[in-house]
Amino acid sequence: MKNLINELIVAGIEENEAKKEISILESEIKDKEKIKLLVKERIKKRIPVQYILGKAYFMDFEVKVNKKVLIPRPETEILTEETIKKLQKYAQPEIVALDIGTGSGIIAIALAKLIPNIQITAIDIEKEIIDLACENARLNYVEDKIDFKICDIFSKCFEKLLQSRKFDLIISNPPYVKLNEMQKLKPEICLHEPKIALHGSKENKTGLIYYKRIVELVKKCCDIKLLAFEIDPLLVSDLKFLLRKNGFNNFEIIKDYAKLDRCLFVYI
Ligand SMILES: C[S@@+](CC[C@H](N)C(=O)[O-])C[C@H]1O[C@@H](n2cnc3c(N)ncnc32)[C@H](O)[C@@H]1O
């Protein structure tokens, strides 16, 4: 299968990604000729194999994916793993968490699988996305621990949600790709992954509006312990400014595998 990895690399796919995709194909399909055909299709259409197969892996579990949701990223594994480590410090009978922009449900599902005493609300903007996340929670036997809801964070329902329950943790990997960075994305991402997940609403020119909405509402109406965000390294100084402006001075930034600032934890 080394040849197939090379074919992907020659076609411009990063080595790590190429190895991961071939390993997914090999684990799913036994027929080598079929794998070769799928690799050709993948190269021609620049479509990630996860969308071809309709499934992807996050940490150590499998989820279904379709073009309504982002393919899970290794950076999001870092966010989730670090959050789990930090939650261990809060010894309390039950942890109540909110996952904003749940997509395929990966963050909520991982928290539910790995933290025994957690109850999670997970929101996203469209019914089809929430239906898929619910299905993934069922496939991973954690549906009892997650309450999935359709909720647009710019609508009143989000304010009501924050007031309705005391959340210990709010976690989010929001749409954060700036408008002018969207054209620089590789074809696999800009042709196939959903714009609503990458960049979000039209108003999100700077990549900041989701963070701003969440931080301002947390300040206004929510008494949480930990706020955990995945971030674009390009936004770090704007995010620090936003946090300080809202009175949040105790925060920590964690780097990803490429040594780029990727996770932001705010201790409240
Ligand atoms: C970067 S993706 C993250 C998906 C998943 N949590 C992950 O880490 O792979 C951002 C998610 O936010 C959702 N989203 C976009 N705008 C939203 C809004 N106004 N309210 C709620 N969710 C929104 C998108 O549909 C998408 O699923």
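The values are calculated or read from the model by the stated rules, or taken from the named source; none is laboratory data. All of these numbers come straight from a predicted model, not from anything done at the bench. Cβ placement follows ideal geometry from the backbone for every residue including glycine, while neighbour counts extend to all protein chains displayed.
Residues of segment 57-79 that are in contact (Cβ under 8 Å) with a residue 40 or more places away in the chain and in a helix (DSSP H, G or I): Pro74, Glu75, Thr76, Ile78, Leu79. Residue-level check: of (1) surrounded by 16 or more Cβ atoms within 10 Å (Cβ to Cβ); (2) closer than 20 Å to Glu75 by Cα; (3) away from the ligand (no atom under 13 Å from the Cβ), Pro233 misses just (1). Please verify whether segment 254-267 includes one or more residues that are surrounded by 13 or more Cβ atoms within 10 Å (Cβ to Cβ), within 16 Å of Leu217 (Cβ to Cβ) and in contact with a Leu (Cβ under 9 Å, 6 or more places away or on another chain). Yes - at least one qualifying residue is present in segment 254-267. Candidates are the residues of segment 189-230 that are of a type in the set (Asp, Glu) and more than 11 Å from the ligand (Cβ to nearest atom); the one that is nearest to Leu162 (Cα to Cα) is Asp223. Residues in segment 44-70 that are among the β-branched types (Val, Ile, Thr) and at pLDDT 95 or above: Val63, Val65, Val69. Checking each residue in segment 25-55 for being surrounded by fewer than 16 Cβ atoms within 10 Å (Cβ to Cβ) and basic (Lys, Arg) picks out Lys30, Lys32, Lys34, Lys36, Lys40, Lys44, Lys45.
On inspection, Ile109 does not qualify as out of contact with any helix residue (DSSP H, G or I) (no Cβ under 9 Å at 6 or more places or on another chain) and not in a loop (DSSP other than H, G, I, E, B). Among residues of segment 5-24 being assigned to a helix (DSSP H, G or I) and of a type in the set (Asp, Glu), the one that is surrounded by the fewest Cβ atoms within 10 Å (Cβ to Cβ) is Glu15. Restricted to helices (runs of 4 or more DSSP H) entirely inside segment 130-209, those with at least 3 residues that are without any contact (Cβ under 8 Å) to a residue 40 or more places away in the chain are 156-164, 179-182. Residues in segment 210-262 that are in a strand (DSSP E or B) and touching a residue at least 24 places away in the same chain (Cβ under 8 Å): Leu226, Leu227, Ala228, Phe229, Glu230, Ile254, Asp261, Arg262.
Can you name the residue in segment 83-106 that is surrounded by 11 or more Cβ atoms within 10 Å (Cβ to Cβ) and in a helix (DSSP H, G or I) and is also nearest to the ligand (Cβ to nearest atom) among such residues? If we take residues in segment 83-106 being surrounded by 11 or more Cβ atoms within 10 Å (Cβ to Cβ) and in a helix (DSSP H, G or I), then Ile106 is nearest to the ligand (Cβ to nearest atom).
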